[in-house]
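Take a look at the structure below.
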Amino acid sequence: MDAVVLVLHGERYPLDGGEASTLDSFLNVSGLATMQVRGKLRQATERDEIEITDDTERVALMDVLEAASNDVRHFTDGLPMLLDAARRPIIRN
């Protein structure tokens, strides 16, 4: 899988190919709530930014990242920072 950049709370979280693959693997086994996020990840290329735009997507991402965080071999680099961001609700103006 290509490297991607997730955007959450206006902040950019670049993930290398290994991190994106780890996230995709956990999204794959999760369920219907993550289909939208997984679809965005699968369609992204190295030049794309994936925006997480609402709390439904944020919560799905947070749940998947929390599950992935148990696998310390693959939960590296940008994934812990992304999990911290996913724990914060999206605030609308």
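The values are calculated or read from the model by the stated rules, or taken from the named source; none is laboratory data. Bear in mind that the values here come from a model prediction, so they are computed numbers and not experimental data. Positions of Cβ are generated from backbone atoms using ideal geometry, with glycine treated the same way; all protein chains shown enter the neighbour counts.
Table: residues versus (1) over 17 Å from Leu41 (Cβ atoms); (2) at pLDDT below 90; (3) of a type in the set (D, E, K, R).
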| residue | (1), (2), (3) |
| --- | --- |
| Thr53 | no, yes, no |
| Glu57 | no, yes, yes |
| Leu65 | no, no, no |
| Pro80 | yes, no, no |
| Ala86 | no, no, no |
Report, by residue number, each residue of region 43-65 that is free of Cβ contacts under 8 Å to residues at least 24 places away in the same chain and surrounded by 13 or more Cβ atoms within 10 Å (Cβ to Cβ).
Thr56, Glu57
